[in-house]
Each structure stands twice: as structure tokens, then as C-alpha cells.
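Just so it is clear, none of the values below were taken in a lab; they were calculated from the coordinates. Not measured: the values here are computed from a predicted model. Cβ sites come from the backbone with ideal geometry, for glycine too, and all protein chains shown count toward neighbours.
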Amino acid sequence: MPIFDFLSGQFIDVIHWTDDTRDTMVWRFEREGHEIKYGAKLTVREGQAAVFVHEGQLADVFTPGLYMLETNNMPIMTSLQHWDHGFRSPFKSEVYFVNTTRFQNLKWGTKNPVICRDPEFGPVRLRAFGTYSVRVADPARFLIEIVGTDGEFTMDEISYQIRNIIVQEFSRTIARAAIPVLDMAANTRELGKLLAKEIASTLAEYGLELPELYIENISLPPAVEEVLDKRSSMGVIGNLNEYMQFQAAEALGKEGAGAAAIQAGLGAGLGMQIGQAAAQTTGPWGAAPQVQGAAPVTRQVPPPPPPVEHVWHVAENGETKGPFSKAAMGRMAREGALTRESYVWTAGQDGWKKAEDVMELAQLFTVLPPPPPGV
């Protein structure tokens with residue numbers, strides 16, 4: 001941390017500070033009753049400033065360099081001490097070293113959501129977070145306004161106040177910018193610059209400046225984000241009816257065996273219904289029941305249900321197309337999109353087969369007469 005060089009008994013001959021921390025902003029040179037020798041050497045390194053306070057009053061500010069503490073180097077101190085005639089006695093003053101380098105990668109964020117009015121969604125709650133860097137621009141003002149008589153002032157002691165200033169200005173900036181929520185991600189850089197500009201005047205009163213401020217993310221509440229994701233999904237899907245047909249076709253393609261079982265079950269159920277209707281019509285011995293002395297009873301037998309129309313899938317270049325109705329398959333056959341060698345599949349069929357090997361589809365290729373003999 002600090003390094004003292006004590007020379008000439010009780011007098012301090014060299015005044016300097018080497019900082020081995022990353023968060024110390026101000027450090028007071030502790031003299032512990034020792035007097036500073038007139039003509040001592042003051043070393044101020046790059047990224048530092050030395051502030052002399054004499055009898056509670058701010059005297060001189062030294063920028064980086066090597067100084068001999070004499071009347072020509074300390075005009076204000078000379079005036080305070082009345083050294084007009086080359087005063088040579090030791091003097092007592094407090095020396096504060098101020099770190100003027102950047103303190104980087106500092107975090108800020110909204111503790112509570114910020115309510116603003118969005119032109120598309122109406123009132124919304126937003127959260128935001130990011131990083132910033134800060135440095136001491138005016139060591140004297142910073143010492144007077146913030147540090148006071150603190151012998152060792154760290155960044156943690158001022159970072160909370162800076163975060164509050166950033167969050168407050170962020171709320172005002174977002175409200176005035178009137179940028180839609182969906183466009184904020186594309187404008188975080190401009191918002192960050194605007195926010196830093198708004199904060200600059202407030203921090204200048206503390207002797208600080210904000211070289212960088214970044215907005216890393218602006219987010220909506222989880223419930224709103226979930227609804228927004230659903231809305232985006234609907235936009236990607238497009239036509240809902242076509243999407244449902246596609247989903248059904250995919251399910252048939254991936255679960256062909258299950259679909260075949262369902263179709264077989266439907267066929268068995270229809271067969272049982274037909275058998276029950278026949279039994280009620282013919283009676284237990286195969287004939288309609290008769291009542292003695294009454295005229296024969298004629299019952300109406302309901303027609304069987306229409307056959308289930310198959311839908312077909314066509315394999316082409318390693319991809320599956322469909323489903324297609326039989327009428328659509330007929331049009332494809334006439335246009336040449338479906339040939340005898342095309343592989344087809346329908347629910348209940350054992351694997352892919354050529355169209356000419358399926359009786360129901362083979363008829364599509366015999367509509368036109370074959371070429372005349374002898375040709």
C-alpha cells in the first residue's frame with residue numbers, strides 16, 4: 001500500500017504513494033505528528049494527483065511529476081504561510097493522493113422494474129443492466145464534495161450512489177426516447193450514450209466523469225416474454241390449417257404402424273356393426289322372425305358405410321411428399337409427376353411399394369388405351 005521514506009530523523013524527505021489495490025480512490029499520506037520538511041521531494045505518478053490541505057483549507061493540487069516543496073512550487077501554500085522571504089522551517093499539512101485512473105467493469109442495474117408506455121404494447125415494465133467506468137476528473141472538488149477527511153476512500157463507498165443516479169436517469173431517458181420495446185435491442189448503444197450525457201452534469205458536481213456506459217440488456221417480465229414468444233411462434237407458423245395438416249401427415253409418417261392398427265380397429269368395428277344389423281334382420285336361424293297368422297314382415301337393411309378413402313405419401317429424392325388423395329394422385333399420373341416406378345405408401349400398407357404394384361393406383365395408369373399392335 002503506502003511507502004514512507006524517513007530521512008533526517010523526524011523529518012519526511014520523500015512523499016509518494018504506490019497503490020497495490022484496485023479500488024482505492026483516495027489515500028491520505030499519514031505523517032503521525034511528523035512535519036514535512038521544507039524542500040522535501042514530492043513524487044506524483046501517472047494516474048495520480050496530490051492535494052495539500054493546510055489547516056483545514058485546500059491549498060495546492062499537484063499533477064504527475066517530481067516536485068521540490070519550495071515557495072516557487074507552492075504558490076497558494078506560500079501565501080497561506082507568508083513565505084514571502086524564503087521561509088525554511090518545516091510545516092504541517094495533510095497530503096491526499098487521488099487516483100485519477102479509470103475504475104472499469106462496474107455494474108449497474110434496475111432493482112425494481114421501470115414502468116413506461118410502449119406505442120405497441122401499452123404500459124410495460126422493463127428491467128435493464130449493464131456496466132460503466134468512472135474516473136476522478138477534478139481531484140480538489142472530489143475531495144471537498146465526497147471524501148472529506150476520510151483517510152482511505154474506496155470505490156465501493158461511491159458506487160452505490162452512482163448506480164442510483166444511473167437508474168434514475170435511465171427511467172427518464174427511456175420515457176422520453178419513446179422507442180418501441182421491440183426496437184430497443186437495436187438502439188442500446190445510442191441509449192447508452194444518451195444516458196451518459198444526461199448523467200455527466202450530475203457527476204461533474206462530484207468531480208467525477210463517466211468515460212463509458214453500456215446497456216447490456218433490456219428485458220420484459222417473464223410472463224410478457226412468454227406471451228411474446230407465442231406470438232412470434234404464430235407468426236412463424238403462418239396458416240394454421242395448413243400447419244395442422246402438416247402435423248397430421250408427419251404423425252402418420254412417423255407412426256405408420258400405429259395408424260395401421262387404428263385403421264384395422266375401425267374396420268373391425270364396422271364389421272361388428274354390420275354383423276349385428278344382419279342378425280337383427282334375419283333372426284337367429286337366418287330368416288326373418290314370423291308371427292303366426294300375421295303377414296310376413298319386411299325389414300329395411302341399412303346400406304354399409306362408404307369405404308374409407310386412402311391418402312397416399314410419395315417418396316421422391318429422399319423426401320416424403322403428401323398426403324395426397326386418390327383424385328390428386330390421378331392428376332399427378334396424368335401430368336407425369338407420378339409414374340409406375342414411383343414409391344408410395346398409405347396407412348396399413350407394409351412398407352413402400354411401387355405405384356404399379358398397388359391395385360388401387362395401378363388403375364390410374366390404364367385409363368388411356370395402350371399403343372396399337374404393330375407399332
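The label point for GLU341 and the one for THR366, both projected 7 Å from the Cα toward the Cβ, are 2.2 nm apart.
Sequence-ordered 3J(HN,Hα) estimates for segment 349-358 from the Karplus curve with 6.51, -1.76 and 1.60 and θ = phi - 60° stand at 8, 7, x, 7, 9, 5, 4, 6, 8, 9 Hz, glycine and proline given as x. The mean sequence separation of alpha-carbon pairs under 8 Å and at least six residues apart, normalised by the residue count of segment 312-366, gives a relative contact order of 30 percent. In sequence order, segment 184-190 has phi-based couplings of 5, 4, 7, 10, 5, 5, 5 Hz under the Karplus curve 6.51 cos²θ - 1.76 cosθ + 1.60, θ = phi - 60°, and Gly or Pro positions carry x. By the count of other C-beta atoms within 10 Å, a proxy for reagent exposure, VAL224, VAL136, VAL314 are ordered fewest to most as VAL224, VAL314, VAL136. In order along segment 167-172, the Karplus-derived 3J(HN,Hα) couplings, from 6.51 cos²θ - 1.76 cosθ + 1.60 at θ = phi - 60°, round to 5, 4, 5, 4, 4, 5 Hz, and Gly and Pro are given as x.
In this structure, the residue pairs whose Cα-Cα separation is over 28 Å, taken from LYS107/LYS230; LYS41/LYS107; LYS193/LYS230; LYS111/LYS193, are LYS107/LYS230; LYS41/LYS107; LYS193/LYS230.
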